[in-house]
Amino acid sequence: LITVGQKVADELLANEIGHPTQFINIPPGVNPLKTKPKDEARQELGLTHSGPVIGWLARVTGVKNPLLAAEIAKEIPNATFIFGGSGNLLDQLKKIAPLNSKVFGWVEAATFISACDIILSTSENEGMPVALIEAQLAGKPVVATNVGSTSEVVINNQTGFVTSKNKAELITAINQLLHNPETLEKLGKNAATHALEAFAPSTMINKHIDLYKAL
């Protein structure tokens, strides 16, 4: 049984699916997005305000909890929050989004991520979040809830911050990056290094080859 992350295997075992000796974890192989300069990306998205930009990119549905991200945006008025993705909560998100935010709906991921300083994830549950891998490949530190295999993508205090689902904890983590530019830059560089090594397509392919040879 191949899973994309150890936490996914743990959750399957907790639900009495499989046996520990049956599982092997092979993370997905992800190619870096074709990113562009931050100023160029912001211009394309019509972002005219100066200052930090925090991006939330996911399906706009309950399991991703975009409404929590909107509440966080209200508490950090000195930053611009941008929301990308479509889903059944899109209209509700547009209604409650504060003035320091912009809701795009579906958006091209490379441009969206290029425009950001920080990527935020407020998910209630995850498998292996590919959008967060793409963000880190682009050198963006991530602040995310500790669900599914998120902590295998975002290494806490090294490539970003992994917190509980508590709003105050998420806000504290974001502010820690906003108030410490050196930390933000360092974690962004670490994120790219980690993601390039852990989620390279060649790594995924070789692990599958090794598995077949071992059968």
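The values are calculated or read from the model by the stated rules, or taken from the named source; none is laboratory data. Given the structure is predicted, the values throughout are model-derived calculations rather than measurements. When we count neighbours, we look across all protein chains shown, and the Cβ atoms used for this are built from the backbone with ideal geometry, even at glycine. What goes into the accessible areas is simple: the full protein's heavy atoms, side chains included, and nothing from ligands, DNA or RNA. Shrake-Rupley method; radii C 1.70, N 1.55, O 1.52, S 1.80 Å.
Only residues that are closer than 17 Å to E44 by Cα and over 17 Å from the mean Cα position of the chain (by Cα) were counted across segment 81-102, and they come to 2. Taking the criterion of being buried (at least 20 other Cβ atoms within 10 Å of the Cβ) and either of a type in the set (S, T, N, Q) or in contact with a helix residue (DSSP H, G or I) (Cβ under 6 Å, 6 or more places away or on another chain) (or both), the only residue of segment 36-53 that qualifies is A41.
Yes or no, residue by residue, for (1) out of contact with any Lys or Arg (no Cβ under 9 Å at 6 or more places or on another chain); (2) surrounded by 15 or more Cβ atoms within 10 Å (Cβ to Cβ); (3) modelled with pLDDT under 95:
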site	(1), (2), (3)
G55	no, yes, no
A73	yes, yes, no
I76	yes, yes, no
S86	no, no, no
L90	yes, yes, no
T111	no, yes, no
K140	yes, yes, no
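Residue count for segment 142-178 under the criterion of being open to solvent by 30 Å² or more (accessible area, probe 1.4 Å) and among the small types (G, A, S): the result is 3. The one condition from (1) in contact with a helix residue (DSSP H, G or I) (Cβ under 6 Å, 6 or more places away or on another chain); (2) assigned to a loop (DSSP other than H, G, I, E, B) that N88 does not meet is (1). Considering segment 60-71, and only residues there that are more than 13 Å from V103 (Cβ to Cβ) and either among the small types (G, A, S) or more than 12 Å from the chain's Cα centre (by Cα) (or both), the residue that is most open to solvent (accessible area, probe 1.4 Å) turns out to be E71.
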